[in-house]
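Step one of this worksheet: look at the structure below.
The values are calculated or read from the model by the stated rules, or taken from the named source; none is laboratory data. Predicted model only: the values in this text are computed from it and were never measured. Every residue, glycine as well, gets a Cβ built from its backbone with ideal geometry; the counts of neighbours run over all protein chains shown. We work out accessible area using only protein heavy atoms, side chains counted, and drop any ligands, DNA or RNA first. Shrake-Rupley method; radii C 1.70, N 1.55, O 1.52, S 1.80 Å.
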Amino acid sequence: MNKEFYMKLSAKEKMLVALKQTSGYNTFSTKQAQRRFGITNVAARIDELRQEGHVIYTNTKSVDGKKVSFYRLGSPTKAMVRTALAAGYSLTA
């Protein structure tokens, strides 16, 4: 991706680009996102991406006795698709 183009993206868009990477690291912790994308409320940006239909999983690990959340992009499970269809959502653009 062109660096000039990347610099014009919002923090939320940069997060999505990072999660969609097919090589290298495509996960990040809350602290990493705060430093990398210059935002304080990472959970709010993740929630916005989820509201847009992106399936983002939160994995929590214990690191040095503290809970650390890591985010990754995934695919919807069959149960998620059934629930969305039952709620009246369309799966086509």
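A few comments on the model shown:
- The accessible surface of the chain, taken with every protein chain in place and a 1.4 Å probe, is 52 percent carbon and sulfur.
- Treating r as the C-beta distance of Glu52 and Lys31 and R0 as 30 Å, the FRET efficiency rounds to 0.80.
- Computed over segment 1-76: relative contact order in percent, which uses C-alpha pairs under 8 Å that are six or more apart: 29
- Solvent-free Debye calculation, one equal scatterer per alpha-carbon of the chain: log10 I(q)/I(0) at 0.13, 0.20, 0.21, 0.26 Å⁻¹ equals -0.52, -1.05, -1.11, -1.39.
- For segment 6-21 versus segment 69-93, the gap between their alpha-carbon centres in whole angstrom: 21
- Spin-label model distance (nm) - Asn59 vs Ser75, 7 Å beyond Cα toward Cβ: 1.7
- Between Thr40 and Val17, the simple spin-label model (points 7 angstrom out along Cα→Cβ) gives 2.5 nm.
- GluC sites (Glu not before Pro) within segment 1-67, DSSP loop, no more than 10 other Cβ atoms inside 10 Å: Glu52
- Backbone phi angles across segment 76-83, fed through the Karplus curve with coefficients 6.51, -1.76 and 1.60 (θ = phi - 60°), yield HN-Hα couplings of x, 6, 4, 5, 5, 5, 4, 4 Hz in residue order; Gly and Pro are listed as x.
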